[in-house]
Protein chains: 2
Amino acid sequence: MATVLASASPRRKTILEMLGVKDLRVVPARGDEVIPEDAGPAETVKCLSAAKALEVAKNCSQSDVIIAADTIVWLHERILGKPSDAAEAAAMLEELSGNFHEVYTGVTVIRGDTVLSDHEVSKVFFRQLTEEEIAGYIGTGEPMDKAGAYGAQGIGALFIERIEGDFFNVMGLPVCRLGEMLKKLGVLLL
Amino acid sequence: MATVLASASPRRKTILEMLGVKDLRVVPARGDEVIPEDAGPAETVKCLSAAKALEVAKNCSQSDVIIAADTIVWLHERILGKPSDAAEAAAMLEELSGNFHEVYTGVTVIRGDTVLSDHEVSKVFFRQLTEEEIAGYIGTGEPMDKAGAYGAQGIGALFIERIEGDFFNVMGLPVCRLGEMLKKLGVLLL
């Protein structure tokens with residue numbers, strides 16, 4: 001039995017290694033599936049994670065365990081994606097400053113004919129940021145490959161006054177929920 | 001200017017490196033100071049962190065920045081320390097199971113004649129654990145060197161349904177608060 005991570009995210013790989021997952025194979029999905037037009041954030045991330053998992057499962061054996069996830073940052077009723085340039089990163093960080101937002105992660109696990117999808121949401125409270133801090137943070141390069149233009153497990157931690165929910169969900173994989181889902185597939189991490 | 005971490009905790013060192021702190025020197029304090037007899041958890045960790053910082057500052061230069069911290073797990077009005085053996089670890093994990101507890105970290109920073117002490121508290125909610133999970137977790141060795149017999153940044157993450165507060169505070173250093181304290185000493189991390 002191999003565990004197959006259907007995601008190119010180095011943070012998700014790090015989390016699974018932290019949990020002691022052995023024989024981990026990384027097979028990123030293209031993930032170019034469409035989502036229902038009027039889907040809310042929870043349904044969106046569940047759909048996207050399911051699409052990734054099902055795509056990768058086609059090339060796996062029946063005994064493999066496939067794990068896929070999709071994470072979005074949700075603020076003022078819309079999705080913040082990855083910033084395309086420094087100006088967009090600055091605009092996102094200004095919006096997050098002094099506010100709370102939500103991070104949704106959808107997770108799908110597959111083994112044989114069993115497909116389970118679920119989601120988790122965490123609230124993240126940012127302190128007030130100064131223009132200098134935003135500029136300095138963008139200068140570190142950390143925001144550019146991350147949804148919402150920050151990393152919770154990095155220098156961005158300086159901005160986070162508090163979270164409510166699963167911390168690892170903010171990093172891209174809700175660890176507690178994933179563990180319970182894997183149990184249902186007969187995979188015990190402990 | 002050097003930054004001096006007055007703690008042997010590898011997790012605190014990792015957090016400061018994550019924040020991009022350069023020229024980090026680790027000088028563990030003996031930390032055998034006494035605390036006021038009727039101190040609550042917040043006063044206890046502040047006192048202990050101040051004692052560590054002041055002890056190490058004696059051998060530092062005026063331009064150095066000294067950082068010390070002390071973390072306790074607080075459940076049912078008492079402190080859970082590091083377990084002395086597997087049986088004590090199991091007893092602690094049984095108590096944490098299906099409950100929430102609080103993690104207090106006191107922080108003291110010193111530069112020249114300025115000494116600042118503060119504390120941060122985070123709530124941690126454990127899901128219900130089975131006997132098999134507790135035994136399996138103890139078998140990994142992870143609980144033994146940790147207050148409360150678990151690591152939030154490890155396999156123990158499987159037990160944590162949610163937190164309320166600063167995640168890194170649970171690991172031993174409240175990042176957001178520390179950053180604001182360092183600003184008051186003229187040290188900008190961004």
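A short reminder: the numbers here are calculations on the coordinates, not readings from a lab. This one's a predicted model, so the numbers in the text were calculated from it and none came from an experiment. Positions of Cβ are backbone-derived with ideal geometry, glycine not excepted, and every protein chain shown enters the neighbour counts.
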If amide hydrogens are placed 1.01 Å from N in the peptide plane, which non-local residues have theirs closer than 5 Å to the one on A:V4? A:R25, A:V65, A:I66, A:I67
By Cβ neighbour count within 10 Å, fewest first, A:F168, B:F126 rank B:F126, A:F168
Along the charge dipole of the range B:123-190, which of B:G148, B:N169, B:I138 sits closest to the positive end, that is, farthest toward it, with unit charges on the beta carbon of Lys, Arg, Asp and Glu (+1, +1, -1, -1)? B:N169
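Among the listed pairs A:K52/A:K123; A:K123/B:K146; A:K22/A:K52; B:K146/B:K183, which have their C-alpha atoms separated by more than 23 angstrom in this model?
On the way: A:K52/A:K123 25 Å; A:K123/B:K146 27 Å; A:K22/A:K52 21 Å; B:K146/B:K183 30 Å.
Violating the 23 Å Cα-Cα cut-off are A:K52/A:K123; A:K123/B:K146; B:K146/B:K183.
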Nm distances between the label at B:T114 and the same-position labels in the remaining copies, 7 Å along Cα→Cβ, shortest first? 5.7
With point charges of +1 on the Cβ of Lys and Arg and -1 on the Cβ of Asp and Glu, referenced to the Cα centre of the protein assembly as shown, which listed residue (B:G31, A:A39, B:H101) lies farthest in the positive direction of the dipole? B:G31
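As a footprinting exposure proxy, order B:L116, B:L188 by other Cβ within 10 Å, with the fewest listed first.
The fewest-first ordering by Cβ neighbours comes to B:L188, B:L116.
Can you pull a Stokes-Einstein diffusion coefficient for the range B:1-66 at 20 °C (1.002 mPa s), Rh from Kirkwood over Cα pairs, as a whole number of µm²/s?
Values: Rh = 12.8 Å.
The estimated diffusion coefficient comes to 168 µm²/s.
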Sum -39500 (n - 2.57) across every DSSP H segment of at least 4 residues in chain A, then divide by the residue count to get the 222 nm mean residue ellipticity, nearest 500. -9500 deg cm²/dmol
Computed magnitude of the charge dipole of chain B (debye, nearest 20; Cβ of K, R +1, Cβ of D, E -1): 920 debye
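Could you work out how much longer the chain between A:E131 and A:R78 gets when fully extended? Use 0.36 nm per residue separation minus the Cα distance between them, nm to one decimal. Provide the component values of the computation, followed by the final result.
Numbers: separation 53, 0.36 × 53 = 19.08 nm, distance 2.35 nm.
Roughly 16.7 nm would be gained on extension.
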Which single residue of chain A puts its beta carbon nearest to the axis of rotation relating A to B, and what distance, in whole Å, does that give? A:F167, 2
Distances in nm from B:G139 to the matching label points in the other copies, shortest first (labels 7 Å along Cα to Cβ): 5.1
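Quick one: B:K146, A:K52, B:K184, fewest Cβ neighbours within 10 Å first, how do they rank? Walk me through the numbers on the way to the answer.
Working: B:K146 24, A:K52 27, B:K184 11.
If I rank by nearby Cβ atoms, fewest first, I get B:K184, B:K146, A:K52.
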Where nothing but the Cβ of Lys and Arg (+1) and of Asp and Glu (-1) is charged, how large is the charge dipole of the protein assembly as shown around its Cα centre, in debye to the nearest 20? 860 debye
Note: the range A:3-184 at 25 °C, 0.890 mPa s; Kirkwood Rh on alpha carbon pairs; Stokes-Einstein D in µm²/s works out to 146 µm²/s
Could you tell me which of rounded, prolate or oblate describes the protein assembly as shown, using a ≥ b ≥ c as the square roots of the eigenvalues of the alpha-carbon gyration tensor, with rounded for a/c under 1.5 and, failing that, prolate when a/b is larger than b/c and oblate otherwise? oblate
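Stretch B:T114-B:A91 to full length: gain in nm at 0.36 nm per residue minus the Cα-Cα span? Please list the in-between numbers first.
Values: separation 23, 0.36 × 23 = 8.28 nm, distance 4.22 nm.
So the chain would gain 4.1 nm between B:T114 and B:A91.
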Residue farthest toward the positive end of the dipole of chain B, with Cβ of Lys/Arg at +1 and Asp/Glu at -1: which of B:A2, B:I110, B:S84? B:A2
With label points built 7 Å along Cα→Cβ from the Cα atoms of B:E164 and B:D145, find their separation and express it in nm. 3.3 nm
For B:P28, go 7 angstrom from Cα along the Cα-to-Cβ vector, then report the distances to that same point in the other copies in nm, smallest first. 4.1
For the range B:36-52, in residue order, the Karplus 3J(HN,Hα) values (coefficients 6.51, -1.76, 1.60; θ = phi - 60°; whole Hz; Gly and Pro = x) are x, 4, 9, 5, x, x, 5, 5, 4, 5, 5, 4, 5, 5, 5, 4, 4
Enumerate the residues in the range A:8-28 having an amide nitrogen under 14 Å from the point lying 7 Å beyond the Cα of A:N59 toward its Cβ. A:8, A:25-28
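Using only alpha carbon pairs under 8 Å that are at least six residues apart, calculate the relative contact order of chain B and give it in whole percent. The partial results should precede the final answer.
Details: 385 pairs, mean separation 41.2, N = 190.
This gives 22 percent for chain B.
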Can you give the FRET efficiency to the nearest 0.05 for B:L24 and A:V34, using r as the Cβ-Cβ distance and R₀ = 45 Å? 0.40
Per residue of the range B:140-149, what does 6.51 cos²θ - 1.76 cosθ + 1.60 with θ = phi - 60° give for ³J(HN,Hα)? Whole Hz please, x for Gly and Pro, Karplus curve as stated. 6, x, 4, x, 5, 9, 10, 4, x, 6
